[in-house]
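For reference, the structure is listed below as structure tokens.
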Amino acid sequence: MVKHKIELTLNAEAQELFDAYERHTRVTPEVYIGELVDKTLPTLRAMVEAFEECGDDTEAAMEVFGRKMGEVMLRRVG
């Protein structure tokens, strides 16, 4: 998979927490955030698909999103 680079600006508290986390775990902020993004891709995918299916109807999009997330959860436990 091709990786794309982004740049984030962290507030002071987040930077301090990431620095401490890295000291304790040797996991860099880049790795931590990358893993977080990878784990939340199903949520992002469900949201994008819901908006694409429903267009400007936000209420319908939220209903479709809820259904899609339910399907994701069922696949995880099934």
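Computed from the coordinates by the stated procedures, all read-outs in this text should not be read as laboratory data. Every value quoted in this text rests on a predicted model; they were computed, and no experiment measured them. Cβ atoms come from the backbone with ideal geometry, glycine included; neighbour counts cover every protein chain shown.
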Charges at C-beta only: +1 for Lys and Arg, -1 for Asp and Glu. How large is the resulting dipole of the chain about its Cα centre, in Debye rounded to 20? 520
What distance in nm separates the simple spin-label points at residue 71 and residue 10, each placed 7 Å from Cα in the Cβ direction? 3.6
How far is helix 58-77 tilted, in degrees, relative to the longest principal axis of the Cα atoms in the chain, given as a value from 0 to 90 rounded to the nearest 10? 70
Between the Cα axis of helix 12-25 and the main Cα principal axis of the chain, the angle (0 to 90°, nearest 10) is 70
Suppose we flag trypsin sites (Lys or Arg not before Pro) only when DSSP calls them loop and at most 14 other Cβ atoms lie within 10 Å. Which is the longest uninterrupted stretch of the chain? 27-78
If you consider only alpha-carbon coordinates, what radius of gyration and Dmax does the chain have, in Å? 16.8, 46
Go through the range 4-46 and name the GluC sites (Glu not before Pro) that are in a DSSP coil and have 10 or fewer other Cβ atoms within 10 Å of their Cβ. 7
